[in-house]
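The values are calculated or read from the model by the stated rules, or taken from the named source; none is laboratory data. This is a predicted model, so every value here is computed, not measured. As a convention, Cβ positions derive from the backbone with ideal geometry for all residues, glycine included, and neighbour counts pool all protein chains shown. Note: areas computed on protein heavy atoms with side chains; ligands, DNA, RNA excluded. Shrake-Rupley method; radii C 1.70, N 1.55, O 1.52, S 1.80 Å.
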Amino acid sequence: MPIDLTKPLAWTAADNDQQRMLRALQGNILKGHGRAATLNIFFKIDPLKKHDMRAALRELANYFATSAYKQLLDTESFKATGKSADPFLSIFLSAKGYAALGISNAQTPADPSFKAGAKAAALSLADPAVAAWEPPFQQEIDGMILIATDEITEMRRKRDAVATLLTKAGATILVEQAGKQMFNEVNDGIEHFGYVDGRSQPL
């Protein structure tokens, strides 16, 4: 039976199809990851080593990335014990990243904005000219790994493991950007524009 996406999902009573969807979906999409600190690792893929990179991304997805289902379980555990869960990790690829991996245009997300890339949206978003961006972001970025945690030692350990996987697969790390979670007056995690992460409709 198809999953009805027009209705809230009672994940604690999810059927097999719903659980399968939540286990296949990355976290931080339906709900914010909730960790205090983040590290974004931006990287470029060597198309000549696309098979090695595919293997590295498969390993990251299978053994490092946090599914939506795991994130929901971690949230319940935190509410019950107050103890932070394992570091959160998610993987992002640009359209150029898919191309560098040898994935055909027809197999990538169809959204025109995604296919055009962030630089093409600069004008419509009233961003500064690309030439005025910080130098690392003027380059072509194929992907990003987001790591989030409440514990800096765990952050460093996870960062080193991820960096090793990427570089062994021939990727070049372009820049790493540390971040800090923002909260509103009732302790909800918020995005940079002030709306609640994972819940509010920014429009």
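Here Phe92 meets each of (1) surrounded by fewer than 15 Cβ atoms within 10 Å (Cβ to Cβ); (2) of a type in the set (Phe, Trp, Tyr); (3) farther than 23 Å from Thr172 by Cα with one exception, condition (3). Among all residues of the stretch 26-48, there is none that is buried (at least 20 other Cβ atoms within 10 Å of the Cβ), part of a helix (DSSP H, G or I) and not charged (D, E, K, R). Of the residues making up the stretch 95-126, those that are more than 21 Å from Gln26 (Cβ to Cβ) and open to solvent by 70 Å² or more (accessible area, probe 1.4 Å) number 7. Against the condition touching a strand residue (DSSP E or B) at 6+ places or on another chain (Cβ under 8 Å), touching a residue at least 40 places away in the same chain (Cβ under 8 Å), open to solvent by 80 Å² or more (accessible area, probe 1.4 Å) and under 29 Å from Asp142 (Cβ atoms), how does Ala68 come out, does it pass? So Ala68 does not fit the description; no. The set of residues in the stretch 142-176 that are more than 17 Å from Ser90 (Cβ to Cβ) and either touching a His at 6+ places or on another chain (Cβ under 6 Å) or crowded, with 21+ Cβ neighbours inside 10 Å (or both) contains only Ala169. Only one of Lys96, Lys83, Lys115 is part of a loop (DSSP other than H, G, I, E, B) and either under 19 Å from the mean Cα position of the chain (by Cα) or of a type in the set (D, E, K, R) (or both); which? Among Lys96, Lys83, Lys115, only Lys83 is part of a loop (DSSP other than H, G, I, E, B) and either under 19 Å from the mean Cα position of the chain (by Cα) or of a type in the set (D, E, K, R) (or both).
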